[in-house]
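K.L.:
Handing you this structure, nothing more for now.
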Amino acid sequence: MDDNFTNRVVLREMVTSWGLVPKTATNGKEALAQLGRAFDSGRPYRLLLLDMQMPELDGFDVAKRITKAPFGRHIKIIMLTSMGQRGDSTQCKKVGISGYLTKPIKQSELLDAIMLTLGQPIEENVPVITRHTIQDARRRLNILLAEDNVINQKLVMALLGARGHRVVLASNGREAVEAIDKEVFDLILMDIQMPEMDGLEATRLIREREASDCGLRIADCGLKDEFQIPNSKFQNYQSTIDNHQSSIKRIPIIALTARAMKGDRKKCLEAGMDDYVSKPINPKTLFTVIEKLARGLQSKEEGKHSPISKDSRPPSPETFDLAKALEVVLGKKELFQEIVDMFLEHLPGYVDEISKGIARKDSVALEQAAHSLKGSVSNFGAKRAHEAAYQLEKLGKEGKMGDAADALSKLKAELGVLTTELKTAMQEMKNESSDC
């Protein structure tokens, strides 16, 4: 539910790419009506992505009505806002909102929020999922430890447990290979010398399986079928949220060995391992390697949706952040061009509505028009234009119409620069397509 057309298009594209089947609503009344009809038909909605700033009924108003409705117990709500304020999280908890994210929203962040939210039990004292919750979840890893020595098992499991990581134990390489067929791991600590199958052979087998096996998608978790996700899928989800988006899942493997001989590191890397830690294990060294590989997974995931030509001239990040804009549209340049065309088409109308509101001294009209424009420019990471639109929205909200004309002049100047940057980016993309 969002009154901004561009936001609805982007969100619909995001969730559709994960196997979900979305319906959209432009305001609170329309959303409540759709929720009621779905409930009456016996197929209630399981999830609502809810914009906070809406005309007539804002997001909190809608959430309050949902909690009082018959379908309230069947739905989880994630609030999306471009204006986070102190106390919003507390208010979310009061009205039954499960998640709270600020715009512009990264697709990986939204996916994580959906998975964590739908995995929550229906209880009163469950904390609200926020950006900080997601970051904390990403830091907790689901680790497979392949080690045959009972003392080393005890030591490493205690070290990892103290950091909040979950550890599954395999006593040899064969058990390690079997374990990855049963659940998803973020990382493997692999001893080299083990009975039955050593760490090098186990690593080779794991890499062979990964090469022919597609990673998990949301649809595989049962989301496509009315979001009926088994609880078992979520027990380890907080520690595996980054793996769910990879089309091919490659688990980082760290070698553990007491043989610190020349050439051992090369053998480990050739077998498909990612790094090497010598025994006796130094906790600081171990955690440094783990955190480095965990950060590498996250940055790779976030970066793969933002392809930027080496030859293209980077726009000012204050005016227009191309990387962020491409991330919003899943890295799809065709969708980006469609969104830009829509924005440029509707831009004169936005500015005209703001101008009319100022001329009529209609603070409500000014606030609503500026809010709509602000929501559109936020999709392009346009900080200056976003701030200029926000200032006009704030003036309308506070009824300070005397300063609105000057604020509009500043907004027009920023929109002029943004328009130029967008058209330049569009032309460069078209040139790339024609070169191909």
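K.L.:
Peptides 417-425, 1-9: what's the order by average Cβ count within 10 Å, highest mean first?
P.N.:
Most protected by this proxy first, the peptides run 1-9, 417-425.
K.L.:
Oh, and also: Taking the highest mean first, how do the peptides 16-23, 352-359 order by number of other beta carbon atoms within 10 angstrom per residue?
P.N.:
By packing density, highest mean first, the sequence is 352-359, 16-23.
K.L.:
For the pair Gln85 and Arg139, what calculated FRET efficiency results from E = 1/(1 + (r/R0)^6), where r is the Cβ-Cβ distance and R0 = 25 Å, to the nearest 0.05?
P.N.:
0.40
K.L.:
Based on alpha-carbon centroids, what's the gap between region 328-388 and region 22-70 in Å, whole number please?
P.N.:
Cα centroid of region 328-388 versus Cα centroid of region 22-70: 24 Å apart.
K.L.:
Taking square-rooted eigenvalues a ≥ b ≥ c of the alpha carbon gyration tensor, is region 1-116 rounded, prolate or oblate, where a/c under 1.5 means rounded and, failing that, a/b exceeding b/c means prolate?
P.N.:
Rounded shape, in that the Cα axes give a/c under 1.5.
K.L.:
For an R0 of 25 angstrom, estimate the FRET efficiency from the Cβ-Cβ distance between His132 and Lys94 and round to the nearest 0.05.
P.N.:
About 0.85, to the nearest 0.05.
K.L.:
In whole Hz, what ³J(HN,Hα) sequence does region 35-50 give by Karplus (6.51, -1.76, 1.60; θ = phi - 60°), x for Gly and Pro?
P.N.:
My calculation for region 35-50 gives 4, x, 5, 5, 5, 5, 7, x, 10, x, 5, 9, 9, 10, 8, 10 Hz in order.
K.L.:
Within region 378-420, what residues put their amide N at less than 15 Å from the label point 7 Å along the Cα-to-Cβ vector of Lys430?
P.N.:
Inside the label zone: 420.
K.L.:
Determine, from the Cβ-Cβ distance of Lys267 and Ser355 and an R0 of 60 Å, the FRET efficiency 1/(1 + (r/R0)^6), rounded to the nearest 0.05.
P.N.:
0.30
K.L.:
Output the peptides 377-384, 44-51, 270-277 sorted from most to least packed, where packing is the average of other Cβ atoms within 10 Å over each peptide's residues.
P.N.:
377-384, 44-51, 270-277
K.L.:
Sticking with this structure for a sec: What is the gain in length, in nm to one decimal, between Glu30 and Arg12 on full extension, counting 0.36 nm per residue of separation less the C-alpha to C-alpha distance?
P.N.:
4.8 nm
K.L.:
Using 0.36 nm per residue, how much length does the chain from Asn282 to Lys332 gain when fully extended, once their Cα-Cα distance is taken away?
P.N.:
So the extension gain works out to 13.6 nm.
K.L.:
Using a 1.4 angstrom probe, figure out how much accessible area region 313-422 has per residue, in square angstrom, rounded to the nearest whole.
P.N.:
45
The values are calculated or read from the model by the stated rules, or taken from the named source; none is laboratory data. Small disclaimer: the values here were computed from a predicted structure and weren't measured. Please note: Cβ atoms are built from the backbone with ideal geometry, for glycine as well, and neighbour counts cover all protein chains shown. Heavy atoms of the whole protein, side chains included, go into the accessibility calculation; ligands, DNA and RNA do not. Shrake-Rupley method; radii C 1.70, N 1.55, O 1.52, S 1.80 Å.
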